[in-house]
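Written below as structure tokens is the structure these notes are about.
FYI, it's all coordinate maths here, none of it is from the lab. Given the structure is predicted, the values throughout are model-derived calculations rather than measurements. All Cβ positions, glycine included, derive from the backbone under ideal geometry; neighbour counts span all protein chains shown.
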Ligand code: FES
Ligand code: FES
């Protein structure tokens, strides 16, 4: 087992070589940035869905940063991962470290096991790095942003929605293109064009604005709901290029050139989408807050064609939580559409 660090790591410290969870050594990754994320392990119904999201975000890398996850739970005391957590001084905590291509710590954040490293917190921290040269730390801002966005998703996985403190996340602010005038337009906004429900929409946004906030706060498409803002509840589900996407965990700028569909874009004029109609027919909601996300997920699930049994549907919909527990009716609605309408 490696020796523990004698003092907390500081920005600018050279990180000594160490074993990684996959059995490789940190020194073998020199020449490319490494993002090291620590989180306690726990079961969460949204885990599968968010892992898929995490993989999807990582695909956006334009420079090969290496992302490494490590568990910090007590029962991993004697394996490489907990040893690594101890070396970094984050046993039992959530933490994120960015190590540049020559092994220097460029940025870090750590919180207790019951606290949240929120997406907004990470992105705000990243904004402060924007002033550095484009390739500071050997990683482009875009790659770093993508990786840390993914990391934020991973770091929030084990929390239950009951633990999430909405006050910890301050909604990112979308800036309108035409009003208000300066100084808002000069506060680091950039032109962003999104294609939403078949229409091009031009916005002027800060790069840190999540797709969810762009949809709700600027485009006023309020059907997409903000539940947890942490990728845990599924209320913000939209379709991006036909696939499910948690809009709170992706930046608006990352979705330029993609087809975005919200709940407002599902119906054809006065004709509801078959899944919308089935939800109504089967009373698949009570308060309705989770319903847009449930429906967007259900439509994608049916298109995917891989969930046929109740158990498979439950698993495939496990990223969409319903506080009113309308689950049996939701499953009934999905099965009704699966059985009667294949062309959804
Ligand atoms: Fe809860 Fe996005 S997953 S708001
Ligand atoms: Fe109320 Fe799902 S219907 S949260």
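Taking the fewest neighbouring Cβ atoms within 10 Å as the starting point, the ordered list for 104, 263, 11 is 11, 104, 263.
Run the numbers for residue 222 and residue 243: contour at 0.36 nm per residue of separation, minus the present Cα-Cα distance, in nm.
Contour length minus the Cα-Cα distance gives 5.6 nm.
Once the Cα-Cα distance is subtracted from the 0.36 nm per residue extended length, the residue 324 to residue 17 segment shows a gain of 105.5 nm.
Length gain on complete extension for the stretch residue 256 to residue 286, per 0.36 nm per residue less the alpha carbon to alpha carbon distance?
Values: separation 30, 0.36 × 30 = 10.80 nm, distance 3.46 nm.
7.3 nm is the gain from fully extending residue 256 to residue 286.
What's the exposure ranking of 248, 233, going from fewest to most Cβ atoms within 10 Å? List each step's numbers first, then the result.
Numbers: 248 29, 233 25.
So the residues, fewest neighbours to most, are 233, 248.
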